[in-house]
Amino acid sequence: MSTPIIRTARQRRAIEALAKFGKVSSRDLGRIAGVLNPPELMAALRRNGWHWTCDLIEVLDRDGNICRPGLYSLLPDSLELAKKMVGLGQQ
């Protein structure tokens with residue numbers, strides 16, 4: 001298996017957030033990384049070798065409608081590498 005890579009500043013910000021916070025909502029990931037399409041950002045990270053999951057949670061929007069935003073998190077192998085890459089692995 002090849003080592004995952006980070007190609008852009010947006011990808012780096014996403015990996016840093018996932019390493020630091022564990023689970024990050026799609027909305028927060030877009031804000032943190034500076035993207036309007038977080039699922040595409042995560043798809044690019046997957047193509048670059050990162051392993052992650054997205055858990056859908058059920059919440060009510062401001063109008064009382066049910067919606068299911070995603071919570072992204074790195075899988076253990078990628079999380080360990082991400083923490084090392086962003087300097088969180090010395091704990």
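Gly49: under 19 Å from Lys84 (Cβ atoms), surrounded by 14 or more Cβ atoms within 10 Å (Cβ to Cβ) and small (Gly, Ala, Ser), yes or no? Before the answer, list the steps.
Values: under 19 Å from Lys84 (Cβ atoms): yes; surrounded by 14 or more Cβ atoms within 10 Å (Cβ to Cβ): yes; small (Gly, Ala, Ser): yes.
Answer is yes for this residue.
Would you confirm whether or not region 40-59 contains a residue that is in contact with a Cys (Cβ under 9 Å, 6 or more places away or on another chain) and part of a helix (DSSP H, G or I)?
Yes, that holds for at least one residue.
In region 36-46, which residues are surrounded by fewer than 11 Cβ atoms within 10 Å (Cβ to Cβ) and aliphatic (A, V, I, L, M)?
Correct list: Leu36 only.
Does Leu71 satisfy the criteria of being outside any strand (DSSP E or B) and either among the charged types (D, E, K, R) or modelled with pLDDT of 95 or more (or both)?
It is false that Leu71 is outside any strand (DSSP E or B) and either among the charged types (D, E, K, R) or modelled with pLDDT of 95 or more (or both).
Starting from residues that are in contact with a strand residue (DSSP E or B) (Cβ under 7 Å, 6 or more places away or on another chain) and within 15 Å of Ile15 (Cβ to Cβ), keep the ones in region 65-86 and report whichever is surrounded by the fewest Cβ atoms within 10 Å (Cβ to Cβ). Let's see the steps before the verdict.
As a first pass, look at region 65-86 and keep what is in contact with a strand residue (DSSP E or B) (Cβ under 7 Å, 6 or more places away or on another chain): 66-75, 78, 82.
Narrowing the set further to residues that are within 15 Å of Ile15 (Cβ to Cβ) leaves 72-75, 78, 82.
Numbers: Tyr72: 24, Ser73: 17, Leu74: 24, Leu75: 11, Ser78: 20, Ala82: 23.
Step by step, filter region 65-86, then rank; the result is Leu75.
One residue is enough: does region 24-31 have a residue meeting the conditions modelled with pLDDT under 95 and open to solvent by 60 Å² or more (accessible area, probe 1.4 Å)?
yes
If I ask for residues that are hydrophobic (A, V, I, L, M, F, W, C) and under 9 Å from the mean Cα position of the chain (by Cα), which ones from region 1-32 would you list?
Those that are hydrophobic (A, V, I, L, M, F, W, C) and under 9 Å from the mean Cα position of the chain (by Cα): Ala14, Ile15, Ala17, Leu18, Ala19, Val24, Leu29.
Scanning for something surrounded by 12 or more Cβ atoms within 10 Å (Cβ to Cβ) and at pLDDT 95 or above, does region 54-64 turn up at least one residue? Before you say what the answer is, go through the steps one by one.
Of all residues in region 54-64, those surrounded by 12 or more Cβ atoms within 10 Å (Cβ to Cβ) come to 54.
Next, only the ones that are at pLDDT 95 or above stay: 54.
Yes: one or more hits.
Taking the condition of being touching a strand residue (DSSP E or B) at 6+ places or on another chain (Cβ under 6 Å) and over 20 Å from Gly87 (Cα atoms), how many residues in region 6-39 meet it?
Looking only at that region, the number is 2.
The values are calculated or read from the model by the stated rules, or taken from the named source; none is laboratory data. These numbers were taken from a predicted model, which means no experiment stands behind them. Don't worry about glycine lacking a Cβ; one is built from the backbone with ideal geometry, like all the others, and counts go over all protein chains shown. Surface areas here come from the heavy atoms of the whole protein model, side chains and all, with no ligands, DNA or RNA. Shrake-Rupley method; radii C 1.70, N 1.55, O 1.52, S 1.80 Å.
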